[in-house]
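Beneath this line is the structure, given in structure tokens, with notes to follow.
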Amino acid sequence: MQVASDIDWATVQAETAKHLRALIRLETVNPPGNESLVADYLKDAVENEGLKATIVEKVPGRGNFVTRIAGQGHERPLLLMAHSDVVPVQAEKWTHPPFAADVVDGMIWGRGAIDTKDLVACELVVILLAQRLGLKLNRDLIMCTFADEEMGTGIGARFMWTEHRDLIDAGAAINEGGGHSVTIGGNRFYLCQTGEKGSGGRFRMKARARSGHASLPRRDTAMLRMGRALTTLCEHEFPTVMTATVKRMLVTLRDSLGGEAARLIDVAMADPTPENLSRIPLDEMQRLSLLASTRNTAVPTLLHGGHHINTIPAEVICDVDGRVVPGQDSHAFVESVRTLLGNDVEIEELRPGWPPGPEADPDSELFQTIRRVIQDLDPGADVVPFLVAGGTDAKWLDGLNVYGFMPGHYSQVELDGPHNHDERVAVENLGFATRALFQIVTKYCRAEVN
């Protein structure tokens, strides 16, 4: 039964936009967070439609929100998840106020418009539609917003999964991190995040040597040792690692593109060197993303040393953002760097025990449902799994298949929005995402009208 056939999607789009604007106006900048503002708003919204809601706070004012539509229990629940905190702003650098939620030229402006209150609004409307229609589902449908994703201090997703798992335990989840469409070889593909790199590979390098007055140069200094270490690290090429996500992505691209592109992909899959991967016909950002998703990386980002221009420092410190592909051990990665750099620097792990990068099954029932829905809504398009170099709350939900997917035809200014000035999202993309997510949910949950 087509449960979506009689829905007025223009009205749904307007409702989603209304909720997003209200959510943006709730200032949940982390720190300090104040995510209970969003949790209270969502609680009122779902309780007005007859659903029950729970707010869980490990720290006062830092609320995690949960609601649920009970299904028939034939399959494990589906979790719709997002985070309700946002990063700080420099308001004076915004064209429109970051918490006014102005609508300008079809765009809603404000902090969280893309990261990730837009997904909160879409998921809210999806669960409200399912409730209003009285749908009978073959499994429970859960919606949860987590506090503290941006800082990760243990009061959001990690806290909920370890101490309140009964509220959110599921067989699969839909999250942030994917959904934007790209054009490759004239074909449109929607990216569904099925994996992400782990940031447990972060480390600190310390170079030490004798200090002294800068007027008397020395042949062995902490600065020189750090310079050698940085040169070695930045010029080093870590081995290629082909995850299930990347393999499936390349196979889908090959089968869709055909011709010379397919031949180049076959060559790259047979011998996945950076040179061969770079020959696949992608634009610059797509190529950089592919290279980053097929190897561990270590990028120096913070450098400290010295206190006066005429003093040779005794110590120079550099922090390095190490990111490790799923299936790789962060500690072993840092140890490999230690061996690479030798005695010039000491190395300290910054995140020992940090969870590894998660990877969901790119051939699961939920992924195939996502693919079929997009093919129906956008004939000729396809969905490919991809591995993101950044991170989300998915890393805390050990054992759960998490898929990042909020589909839309996002412009470059929208994609540049997270953590940036002038963050904004097109109202049309909100409408498309809500419609797609509703159809994904109802098909995956075998929805029937009572």
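Residues in segment 70-122 that are outside any strand (DSSP E or B) and of a type in the set (V, I, T) were compared, and the one that is nearest to G417 (Cα to Cα) is I114. Restricted to segment 313-430, the set of strands (runs of 3 or more DSSP E) holding at least 2 residues that are surrounded by fewer than 19 Cβ atoms within 10 Å (Cβ to Cβ) comprises 315-323, 346-349. Residue selection: A130 fails the criterion of being within 17 Å of G177 (Cβ to Cβ) and touching a residue at least 60 places away in the same chain (Cβ under 8 Å). For the residues R219, R204, R228, R210, the requirement of being assigned to a loop (DSSP other than H, G, I, E, B), at pLDDT 95 or above and either assigned by TED's automatic domain parsing to the domain that holds E123 or over 30 Å from T252 (Cα atoms) (or both) singles out R210.
Scan segment 116-152 for residues that are among the acidic types (D, E) and surrounded by fewer than 23 Cβ atoms within 10 Å (Cβ to Cβ) and the total you get is 2.
Here T231 meets each of (1) closer than 30 Å to H308 by Cα; (2) in contact with an Asp or Glu (Cβ under 8 Å, 6 or more places away or on another chain) with one exception, condition (2).
Looking across segment 142-160, the residues that are under 18 Å from the mean Cα position of the chain (by Cα) and not in a loop (DSSP other than H, G, I, E, B) come down to M143, C144, T145, F146, A157, R158. Total residues in segment 163-201 satisfying the condition of being within 19 Å of G357 (Cβ to Cβ) and either of a type outside the set (S, T, Y) or part of a helix (DSSP H, G or I) (or both): the figure is 16. Scanning segment 50-69 for residues that are touching a helix residue (DSSP H, G or I) at 6+ places or on another chain (Cβ under 7 Å), in a loop (DSSP other than H, G, I, E, B) and surrounded by fewer than 20 Cβ atoms within 10 Å (Cβ to Cβ) yields a count of 4. V299 - would you say it is surrounded by 15 or more Cβ atoms within 10 Å (Cβ to Cβ), at pLDDT 95 or above and assigned to a strand (DSSP E or B)? Here the answer is no, as V299 does not meet what is asked.
Condition first: over 10 Å from N401 (Cβ atoms), in contact with a strand residue (DSSP E or B) (Cβ under 7 Å, 6 or more places away or on another chain) and either of a type outside the set (V, I, T) or free of Cβ contacts under 8 Å to residues at least 24 places away in the same chain (or both). Now tell me which residues in segment 363-374 satisfy that. Result: R371, single match.
The residues of segment 209-231 that are closer than 30 Å to P274 by Cβ and out of contact with any helix residue (DSSP H, G or I) (no Cβ under 6 Å at 6 or more places or on another chain), listed by number, are L224, R225, M226, G227, R228, L230, T231. For segment 278-298, a residue qualifies if it is in contact (Cβ under 8 Å) with a residue 60 or more places away in the chain and either aliphatic (A, V, I, L, M) or within 12 Å of M223 (Cα to Cα) (or both), and the qualifying residues are L282, A292, A298. Note on segment 1-13: residues that are free of Cβ contacts under 8 Å to residues at least 24 places away in the same chain and under 18 Å from N429 (Cα atoms) amount to 2.
The values are calculated or read from the model by the stated rules, or taken from the named source; none is laboratory data. What you see is a predicted model, and the numbers here were worked out from it, not measured in a lab. Cβ sites come from the backbone with ideal geometry, for glycine too, and all protein chains shown count toward neighbours.
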